[in-house]
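S.K.: Would you mind keeping the following structure in view while I ask a few things?
The values are calculated or read from the model by the stated rules, or taken from the named source; none is laboratory data. Because the structure is predicted, anything quoted here is derived from the model rather than measured. Heads up, the Cβs are rebuilt from the backbone with ideal geometry, glycines too, and the neighbour counts pull from every protein chain shown.
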Amino acid sequence: MGDPTPAAGPAVLAGGRHPATAVPAPSGPPGPSGRAGAGRAVLAGCRRVVAAAGWLWFAIALVAVWWFASADSTSAYFPPLRTIVHRLYELWIVGDAKSQLAPSLEHFAAGYGIAGAGGIALGALLWGVRPLRESTSPLLYFCYVLPAPALLPAVITLFGIDTTMKVAIISFAAVWPTLLNTVDGMRGVDPVKLDTARALGLSPLRTAGSVVLPAALPQIVAGLRNSLQVAIILMVVSEMTASTSGIGYFILTAQQSLAITDMWTGIIVLAVLGSALNLVFVAAERFVLAWHYGARAAEGKRS
Amino acid sequence: MTGPEPTPPAAPARSVRAARAAGLARRSGRLTGRLTVLAAVLGLWQVLSVTGYLRADEFPSMTRTAAALGREFGQVGFWVDLWATVRAWAAGVAIGAGSAVLVGSLLGLNRFAHRSASPVIELFKTVPVVAILPLAILEFGPTLRMRYVLVAFGVFWPLTIQVIYGVRSVDPTVRDTAEALGVRALRRFAVVTLPSAAPFIATGLRVAAATGLILDIVAELIGGGDNGLGLGILTALNAGPAAYPTMYAFIVATGLLGVLLTGAFGLAERRVLHWHESQREHARGPGAVSGG
């Protein structure tokens, strides 16, 4: 599972995650003890600071280049960064443009929540019923590969342009990566473990909870990560196509009314929002998988 | 689909033949199941339309959509749209992938460079690509160029990360051996680095192919243009309920194009990397039962 070979994942989905973050390296038994542990912690801290400096300089240099290169810019489409930052403060910090974020995040949360929960549940169902899985797989693959934005016009005719439409398209598009990864992860469960559970007389629900789910977890999380990207894209695209609010709507209207600086502030806010959502996901992933590997390590010790 | 079946070691010829027969039976059973499900879904769609559960002015019936799809296949306009989408996609993926391989290789070769740049590229990877779409529309207008620029931009970041990891994954012993043997840098890159990075790049490319198509459709729907499958969908939407079968026909065609492009990349990956350990599962396959 921890093998970083890129093609080791499911045939269709392996690549949305890159090897470094796909499955965090199993951390050793938690809590290094004694003086050696403290020394190591200090050393690790130092190393982290150095590492941060190692890449921060590049990020800072890039922003500096942008700042100075654009300082005297008279190009209509590329205003000086200073102007953008000023406007960003006016609109998003003191102004009320931040109210645009609420509807976006609501649609995202509802759509992604439905997609995640539904993907895991449906994936588990398909894993459990093998004939169903095998006979529906071409259909599911088609839905997965179909570029979801192509469905937007159809979804608009069905649901109008309000919240329902956005939640519907986000959840429909984002459900497939999680679903297919869940099926694949559960299929990778060691058959011996399943036989043991059966021999021990565990109920199917108990087996699912204590044998199947933990073993499939890393891949389910990888699926959820792919779904996250899809959900963010469709959150923005659905607002750009048909909406009266939201960050995507803000950026596109600013562009159409040639309020270029406003558009740039929107782009920056959206970039920050996307990164923030990813960061939250990574933090949650670490938390869940740390527990996962911690439990595994403890299990290994006991035996 | 399934791992190799455990077969008793005795009478290998017969067990192999039996396993083959069983595999064949299972595969034909699977095919029947798949066709049945497909027929059932299409049938259900038709029944829901005929009984009026799906309103005709909102969701056209299956037969009318299929007829529209057949009609579109016979029209030049459809193929012009398809070609425009494929062209924007191909140009974008080629530019994005080409620069990703170049930049990723250069960064991957130097520890300091990749340490400095990777986090920034990681950050860019998390930025929703559609954020720059309005900028691209301003700069290039509703053109093919606007579309492939967006595709290339979206493909570049994740693929670069993938290439860096591929290049860094080279077995140091092999690299040092090549160096000790006096293999020159450029040749070392071609003979040692690139092959060992290939699986990473191939996986990245397969994902890039799918992402690229999504981004081109988005660019068509929001940015506009002359021809493209996304524009076909949009035109049919604007023509009103009478054209909805055509709209769904275009959506299905877009999905089929997705299947085709992703499938082609997956197949190429398997063909080109058949020697690599990550592909051995495929090579073994369910039919070829080996003794051990």
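S.K.: Could you check how many residues of region A:212-235 are out of contact with any Leu (no Cβ under 7 Å at 6 or more places or on another chain) and β-branched (Val, Ile, Thr)?
M.R.: Going through region A:212-235 one residue at a time, the tally reaches 4.
S.K.: Continuing with this model, one more query. Which residue out of B:Ser28, B:Ser15 is of a type in the set (S, T, N, Q), farther than 20 Å from A:Pro153 by Cβ and surrounded by fewer than 14 Cβ atoms within 10 Å (Cβ to Cβ)? Don't jump to the end; show me each part of the working.
M.R.: Working: B:Ser15 fails: surrounded by fewer than 14 Cβ atoms within 10 Å (Cβ to Cβ).
Just one listed residue meets the conditions, B:Ser28.
S.K.: B:Ala185: within 11 Å of another protein chain (Cβ to nearest Cβ) and small (Gly, Ala, Ser), yes or no? It would help to see each step written out before you state the result.
M.R.: Working: within 11 Å of another protein chain (Cβ to nearest Cβ): no; small (Gly, Ala, Ser): yes.
Taking the combined requirement at face value, the residue does not satisfy it.
S.K.: With the condition kept exactly as written, say whether any residue in region A:123-138 is of a type in the set (Gly, Ala, Ser), surrounded by 21 or more Cβ atoms within 10 Å (Cβ to Cβ) and over 21 Å from the mean Cα position of the chain (by Cα). Working first, answer last.
M.R.: The first filter runs over region A:123-138 and keeps only residues of a type in the set (Gly, Ala, Ser), leaving A:123-124, A:128, A:135, A:137.
Now drop any that are not surrounded by 21 or more Cβ atoms within 10 Å (Cβ to Cβ), which leaves A:123, A:135.
Filter once more, keeping what is over 21 Å from the mean Cα position of the chain (by Cα): A:135.
Yes: region A:123-138 contains one or more residues that are of a type in the set (Gly, Ala, Ser), surrounded by 21 or more Cβ atoms within 10 Å (Cβ to Cβ) and over 21 Å from the mean Cα position of the chain (by Cα).
S.K.: Please state which of the following conditions B:Leu260 fails to meet, knowing it meets all the rest: (1) touching a residue at least 24 places away in the same chain (Cβ under 8 Å); (2) assigned to a helix (DSSP H, G or I).
M.R.: B:Leu260 satisfies every listed condition except (1).
S.K.: Could you pull out the residue among A:Leu158, A:Leu140 that is over 21 Å from B:Arg30 (Cβ atoms), within 12 Å of chain B (Cβ to nearest Cβ), assigned to a helix (DSSP H, G or I) and of a type outside the set (Val, Ile, Thr)?
M.R.: Criteria check complete, one pass: A:Leu158.
S.K.: Another one. Among the residues of region B:141-173, count how many are closer than 12 Å to B:Ala91 by Cβ and either touching a Cys at 6+ places or on another chain (Cβ under 9 Å) or among the charged types (D, E, K, R) (or both).
M.R.: Number satisfying all stated conditions: 2.
S.K.: Right, next: Say whether the condition of being away from chain B (no Cβ under 14 Å), crowded, with 19+ Cβ neighbours inside 10 Å and not aliphatic (A, V, I, L, M) is met by at least one residue in region A:78-85.
M.R.: yes
S.K.: Assess whether A:Tyr112 counts as being in a helix (DSSP H, G or I) and closer than 16 Å to B:Gly33 by Cβ. So that I can check it myself, show each step before the final result.
M.R.: Numbers: in a helix (DSSP H, G or I): yes; closer than 16 Å to B:Gly33 by Cβ: no.
No; evaluated as a whole, the condition is false for this residue.
S.K.: Within region B:45-64, work out how many residues are at pLDDT 80 or above, surrounded by 12 or more Cβ atoms within 10 Å (Cβ to Cβ) and farther than 17 Å from B:Val252 by Cα.
M.R.: Within region B:45-64, residues that are at pLDDT 80 or above, surrounded by 12 or more Cβ atoms within 10 Å (Cβ to Cβ) and farther than 17 Å from B:Val252 by Cα number 5.
S.K.: Just checking: which of the helices (runs of 4 or more DSSP H) contained wholly in region A:202-303 hold 3 or more residues that are more than 14 Å from every other protein chain (Cβ to nearest Cβ), buried (at least 19 other Cβ atoms within 10 Å of the Cβ) and under 24 Å from the mean Cα position of the chain (by Cα)? Even if it seems obvious, please write down each step before you answer.
M.R.: Details: elements: A:204-207, A:213-241, A:247-256, A:260-302.
The qualifying helices (runs of 4 or more DSSP H) are A:213-241.
S.K.: Please find, among B:Ala100, B:Ala88, B:Ala117, the residue that is within 10 Å of another protein chain (Cβ to nearest Cβ) and either in contact with a Leu (Cβ under 6 Å, 6 or more places away or on another chain) or exposed (fewer than 13 other Cβ atoms within 10 Å of the Cβ) (or both). Write out each step before concluding.
M.R.: Numbers: B:Ala100 fails: within 10 Å of another protein chain (Cβ to nearest Cβ); B:Ala88 fails: within 10 Å of another protein chain (Cβ to nearest Cβ).
Going through B:Ala100, B:Ala88, B:Ala117 in turn, the sole match is B:Ala117.
S.K.: Return yes when A:Leu152 is modelled with pLDDT under 90 and of a type in the set (A, V, I, L, M) and no when it is not. Don't jump to the end; show me each part of the working.
M.R.: Numbers: modelled with pLDDT under 90: no; of a type in the set (A, V, I, L, M): yes.
The answer is no for A:Leu152.
S.K.: Looking at the structure I just gave you, is B:Ile161 modelled with pLDDT of 85 or more, at the interface with chain A (Cβ under 7 Å from one of its Cβ atoms) and more than 19 Å from B:Thr126 (Cα to Cα)?
M.R.: No: the conditions fail for B:Ile161.
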